[in-house]
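Presented below is the structure to which this report refers.
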Amino acid sequence: MSFSDQVYQELAAVVGERYITRKDFILAGNRAKTPEMPVAHPSAECIVCPATTEEVAEIVSICLRHDLRYLACVTGCIPSAYASGPDTVFMHLKRMNHMEINVEDRYAIIEPGVRHVQLYPEVRKHGLSYAAAAVGPGGSPLVTYAVTGGDNHVQYGASRPCRYLLGVEMVTPEGEILRTGSLQTDSGWFCADSPGPSLRGLVRGYSGNNGKLGIITKCAIALDQCKGPAEIRREGISPHHKMFMDGDCSRVYVFNYENIQDVCDAMLALGEAEIAATVQKYFYLPLTLMMTDSANDFFKKWEYCKKTVPMPLVVHIATQSPEEREYEEKILFDIVHETKGTRIPRDLEMWWEEHMDYFMIVTRLQSVLRLGGSWFPCKASAESVQHMCDIGESISEFIYDFTDTGKIFDAPENYQIIPMEYSHFASSELLFMWDRFNPDGFKNMMEFMAASSATDAKYFYHGSTSSGYGPSAEKKGKLYSNAHIWMEQIQKAFDPRA
C-alpha cells in the first residue's frame, strides 16, 4: 500500500499534529545529496518525531500494517540515515533526549537525542567519564554505544563502547518492545547479560548492526573514574579556542617514528608496562587540518607537517599523583628511546597541550571537511596490534597508484592505529580524501576501496569488519568465520520482511 492521508492521520494521532509534517521544504532538508553521490535520495513521505519508546512501537506497527518502509535517525551523518525508496516514514528521534546519571553505581541512562556535549560535561562534574567516540560534540552517545562504530581516543587505557553497554530498550522490526539483561526482570540497568536474556552480541557486537535489528530507544552505559580534573579550562571562542587540563598529573607527549614496526613495538611495550591513559598512532592529515583555521593556512603548513610528523605517536599521561606521573614518564622515555622514536618539535606538540578536549570529544573534528572535498575511511577494523601494523604497512602496495595520479589526496601515511585495553588489541582506520566536485571522484573512491579490499583478501587481513549479508558482505564475511551467513539468519529471525 502506498502512503495515504489515512496513514498520515494515524501517525498524527500517535505523536500529535505538532510533531509530524510533510511540508516540501522540510522534507527537502532531510535528504542527503552531496556532489559525489551518483544518485539523489528520494524524499520521505513524512517526518514524525516520537517522544517515547511506546510511540516508536506504534509507528512501526502502523508502517507494518500498511506495508510502508520506515527508518530512524538522530544526527544524519551518513547517507544510509535517509530514505532510499518510496513510501518511507522518517522517524527523527531528537525529542527523545532524556538522560539520568547514577553516580553511586557508575552508569548513565540515555536516549537517542542526547548528545556528547550534554552528557560528557555532566558526568565529568561527578568525577566520572566515558569513552566518547571521535564524532564531535554533536554525536549521539546512544548511537555510539548501541548502534554503530565507537573508536575513541581513550580506548588504550579504557576500551571500546561495546564493552560498556548495559541494558537496552528497543523496538524490534515486528513492533515489539524488547528489554535486555537485568532490565527485562525489573532489576535495573546494571547488567547487560543476566539475569534476563543476553542479546548484547546481537544488539551491538563489535561494530554494530546500524539499526538493522531494531530501533534502540534507550540504553545504559557504564562510566569510568575520570582521570583528570572535573573542569577543563577554556580560553577563547570556538573554533579559535584552547582547552587546558590544569594540574601536575596530566601531560601529553608526541613522538615521530620512521617505520610502522617501531611504532608497533612501542605500543606493545607501553601496554605491557600498563602506563598512560592514551596511546595512538595518529593520522597527520586531520592533525594539520585541526591545527589550521582555513584551507590557505592548511596548505602553508601541510608540507612541513607531512615531512616532520608522518608517523606521530601520541601519548597522554593522566595519573592520580605527580609522583605517579613522574614514574610513568621515566618508563615512557625509556621505551621511546629503545624503539627509536624522537620527540616532535614543540610548536607541533603544544597543539595537544592546548586542546586537551581532543582526548574526549574532538570539538574541531569538522575541520576535516575544510578542504572542500570529501573523505571516507577504510581499513576500519580491529585485531592484534601487530596485525593492524601489518595492515598499515601493506597500504603502500596500492595507495601510490592513486596519490601519484591525483585520484585521492597525497597523504600515503594517513592512517591511525589505536591500541585498546593496554595493547591487548587495536583498531585501525585509513582516512583518504578526494575531490567530490570531480565527475570521476566517486568512481575514484570506489576503485580505491576495491584496491584496499583486494589487499585484505590477498593477505587474509582483517582490514574492515563484515556488515550485514549479501554479495558485498560475503567477501569480508569469509574472513570472519562466515559472519555474513549468520547475519542473514539472525536478521530473518528478527525482521519478517527481511
Residues within region 456-479 that are hydroxyl-bearing (Ser, Thr, Tyr), surrounded by fewer than 19 Cβ atoms within 10 Å (Cβ to Cβ) and more than 19 Å from residue 212 (Cα to Cα), tallied: 1
If you check every pair at least six apart or on different chains, which have Cβ atoms under 6 Å apart with a residue in region 12-37 that is under 25 Å from residue 369 (Cα atoms) and not assigned by TED's automatic domain parsing to the domain that holds residue 441 first and a residue that is of a type in the set (Lys, Arg) and modelled with pLDDT under 95 second? 35/436; 36/436
Name the residues in region 256-273 that are within 25 Å of the chain's Cα centre (by Cα) and surrounded by fewer than 23 Cβ atoms within 10 Å (Cβ to Cβ), would you? 260, 268, 271
Filtered residue count, region 453-495, keeping only those that are more than 19 Å from residue 207 (Cα to Cα) and in contact with a helix residue (DSSP H, G or I) (Cβ under 8 Å, 6 or more places away or on another chain): 3
Where residues in region 113-144 are touching a Lys or Arg at 6+ places or on another chain (Cβ under 8 Å) and buried (at least 24 other Cβ atoms within 10 Å of the Cβ), which of them is nearest to residue 215 (Cα to Cα)? 142
List pairs: first in region 232-257 and on the phi < 0 side of the Ramachandran plot, second of a type in the set (Gly, Ala, Ser) and loosely packed, with under 14 Cβ neighbours inside 10 Å, Cβ under 7 Å, 6+ apart or cross-chain? 242/236; 249/321
For the structure I just gave you, tell me whether residue 469 is free of Cβ contacts under 8 Å to residues at least 24 places away in the same chain and over 25 Å from residue 384 (Cβ atoms). yes
Among (1) touching a residue at least 60 places away in the same chain (Cβ under 8 Å); (2) surrounded by fewer than 16 Cβ atoms within 10 Å (Cβ to Cβ); (3) of a type in the set (A, V, I, L, M); (4) out of contact with any strand residue (DSSP E or B) (no Cβ under 8 Å at 6 or more places or on another chain) - the single one residue 177 does not satisfy: (4)
Restricting attention to region 412-429, report how many residues are surrounded by fewer than 24 Cβ atoms within 10 Å (Cβ to Cβ), in contact (Cβ under 8 Å) with a residue 24 or more places away in the chain and under 18 Å from residue 302 (Cβ atoms). 1
Expected single match for touching a helix residue (DSSP H, G or I) at 6+ places or on another chain (Cβ under 6 Å) and either within 27 Å of residue 44 (Cα to Cα) or not assigned by TED's automatic domain parsing to the domain that holds residue 287 (or both) among 157, 85, 175 is 175
Given the structure, is residue 294 hydroxyl-bearing (Ser, Thr, Tyr), assigned by TED's automatic domain parsing to the domain that holds residue 251 and at pLDDT below 95? yes
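Matching residues to (1) closer than 28 Å to residue 199 by Cβ; (2) of a type in the set (A, V, I, L, M):
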| site | (1), (2) |
| --- | --- |
| 454 | no, yes |
| 458 | no, no |
| 465 | yes, no |
| 471 | yes, no |
| 478 | yes, no |
| 485 | yes, yes |
| 497 | yes, no |
Name the single residue that is modelled with the lowest pLDDT among those in region 47-77 being surrounded by fewer than 18 Cβ atoms within 10 Å (Cβ to Cβ) and part of a loop (DSSP other than H, G, I, E, B). 77
For region 192-201, state whether one or more residues are assigned to a loop (DSSP other than H, G, I, E, B) and in contact with an Asp or Glu (Cβ under 6 Å, 6 or more places away or on another chain). no
Hits in region 282-301 (condition: surrounded by fewer than 19 Cβ atoms within 10 Å (Cβ to Cβ) and closer than 13 Å to residue 410 by Cβ): 299
Taking the conditions exactly as written (more than 29 Å from residue 157 (Cα to Cα), surrounded by fewer than 19 Cβ atoms within 10 Å (Cβ to Cβ), at pLDDT 90 or above and of a type in the set (Phe, Trp, Tyr)), does residue 409 satisfy them or not? no
Here is a check on your reading of the model: is residue 376 surrounded by 18 or more Cβ atoms within 10 Å (Cβ to Cβ) and either closer than 16 Å to residue 156 by Cα or in contact with a helix residue (DSSP H, G or I) (Cβ under 7 Å, 6 or more places away or on another chain) (or both)? no
With respect to residue 80, is the statement that it is at pLDDT below 85 and not in a loop (DSSP other than H, G, I, E, B) true? yes
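The values are calculated or read from the model by the stated rules, or taken from the named source; none is laboratory data. Source: prediction; values computed, not measured. Every residue, glycine as well, gets a Cβ built from its backbone with ideal geometry; the counts of neighbours run over all protein chains shown.
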